[in-house]
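**Student:** Got a structure for you, written out below as structure tokens; questions coming shortly.
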Amino acid sequence: MSKKRTVYTATLKNEIGFRSFKRFHETLECKKPMSVYFESLKINMKKVEIQEEDVA
């Protein structure tokens, strides 16, 4: 891999990491995107557990 491509890839990974894990977003009520994502996973997992209990 060329040096330019390596630097570009590293820069892109850093930018995506920053925007997903560290940057607060006004449209997400000033929360970080991954925090919102993980919260939604927890909520959805609870819903699945409740549905499984109802079926059993």
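Readers should treat all values here as calculations from the given coordinates under stated rules, not as data from a laboratory. Computed from a predicted model, the values in this text were never measured in an experiment. Here Cβ is always computed from backbone atoms with ideal geometry, including for glycine, and neighbour counts include all displayed protein chains.
**Student:** Mind checking the full-extension length gain between Val55 and Lys22? Use 0.36 nm per residue of separation minus the Cα-Cα distance, one decimal, nm.
**Tutor:** 7.9 nm
**Student:** For the chain, how big is the tail of P(r) above 19 Å, as a whole percent of Cα pairs? Can you show the working numbers first?
**Tutor:** Details: 836 of 1540 pairs.
Here the tail beyond 19 Å accounts for 54 percent of pairs.
**Student:** Would you mind ranking Met34, Met1, Met45 so that the residue whose beta carbon has the fewest other beta carbons within 10 Å leads the list?
**Tutor:** Arranged by neighbour count, lowest to highest, Met34, Met1, Met45 become Met1, Met45, Met34.
**Student:** To continue, here is another question. Using θ = phi - 60° and the Karplus form 6.51 cos²θ - 1.76 cosθ + 1.60, what ³J(HN,Hα) does each residue of the range 42-50 get, whole Hz, x for Gly and Pro?
**Tutor:** So the J values, rounded to whole Hz, are 4, 4, 5, 5, 5, 4, 5, 4, 5.
**Student:** Around Lys31, which amide H atoms from residues at least 5 apart in sequence, or from another chain, sit under 5 Å from its own amide H, with H modelled in the peptide plane?
**Tutor:** His25
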